[in-house]
Amino acid sequence: MHGATLSVVGFTMDKVEVRLSNLMAFDARALGNWGCPPEYYPAALDLVLDGKVQIAAFVEKRPLDTINEVFAAVHHHEIRKRVVLVP
């Protein structure tokens, strides 16, 4: 018996090509979601605040007044980190 699962957690602009006949033939599946349910946020935030999960390498701060440039960069797939706009 075959079987496999591809799970993508979080947001990405990347594109993936999957042949549906292969999923069916091998009893496989592909799933995606935005993250965790809101009731898990406090525990997830505690992991970050306790230093058990490092996020700094994945986040980039930019001034709020660069919002138009940030949106243009996102649209052109030039952003590789999560941008946090700071007032």
Study note, to complete from the structure: The residue that is farthest from residue 87 (Cα to Cα), considering only those in segment 56-66 that are modelled with pLDDT of 95 or more and in a helix (DSSP H, G or I), is 66
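So for segment 21-32 (the condition being part of a loop (DSSP other than H, G, I, E, B), within 30 Å of residue 4 (Cα to Cα) and in the same structural domain as residue 4 (by TED's automatic domain parsing)), does at least one residue qualify? Write out each step before concluding.
As a first pass, look at segment 21-32 and keep what is part of a loop (DSSP other than H, G, I, E, B): 26-27.
Narrowing further to those that are within 30 Å of residue 4 (Cα to Cα): 26-27.
Those left that are additionally in the same structural domain as residue 4 (by TED's automatic domain parsing): 26-27.
Checked segment 21-32: at least one residue is part of a loop (DSSP other than H, G, I, E, B), within 30 Å of residue 4 (Cα to Cα) and in the same structural domain as residue 4 (by TED's automatic domain parsing).
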Practice item. Please specify each residue of segment 56-77 satisfying the condition of being under 15 Å from the mean Cα position of the chain (by Cα) and surrounded by fewer than 10 Cβ atoms within 10 Å (Cβ to Cβ). Key: 56, 57
Review point. Can you pull out the residues in segment 33-43 that are over 17 Å from residue 6 (Cβ atoms), under 16 Å from the mean Cα position of the chain (by Cα) and exposed (fewer than 10 other Cβ atoms within 10 Å of the Cβ)?
Key: 37, 38
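Determine if segment 62-70 includes at least one residue that is among the aliphatic types (A, V, I, L, M) and over 16 Å from residue 13 (Cα atoms).
Just the residues of segment 62-70 that are among the aliphatic types (A, V, I, L, M), to begin with: 64, 67, 70.
Remaining after also requiring over 16 Å from residue 13 (Cα atoms): 64, 67.
Among the residues of segment 62-70, at least one is among the aliphatic types (A, V, I, L, M) and over 16 Å from residue 13 (Cα atoms), which makes the answer yes.
Would you confirm whether or not segment 3-10 contains a residue that is loosely packed, with under 11 Cβ neighbours inside 10 Å and out of contact with any strand residue (DSSP E or B) (no Cβ under 7 Å at 6 or more places or on another chain)?
No, the conditions are met nowhere in segment 3-10.
Evaluate the following for residue 35: is it in a loop (DSSP other than H, G, I, E, B), of a type in the set (Gly, Ala, Ser) and touching a residue at least 24 places away in the same chain (Cβ under 8 Å)? Break it down stepwise before answering.
Numbers: in a loop (DSSP other than H, G, I, E, B): yes; of a type in the set (Gly, Ala, Ser): yes; touching a residue at least 24 places away in the same chain (Cβ under 8 Å): yes.
Yes; evaluated as a whole, the condition is true for this residue.
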Exercise for review: Determine if segment 39-55 includes at least one residue that is in contact (Cβ under 8 Å) with a residue 12 or more places away in the chain and either hydroxyl-bearing (Ser, Thr, Tyr) or assigned to a helix (DSSP H, G or I) (or both).
Suggested key: no
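The values are calculated or read from the model by the stated rules, or taken from the named source; none is laboratory data. Not measured: the values here are computed from a predicted model. All Cβ positions, even for glycine, are placed from backbone atoms using ideal geometry, and neighbour counts span all protein chains on display.
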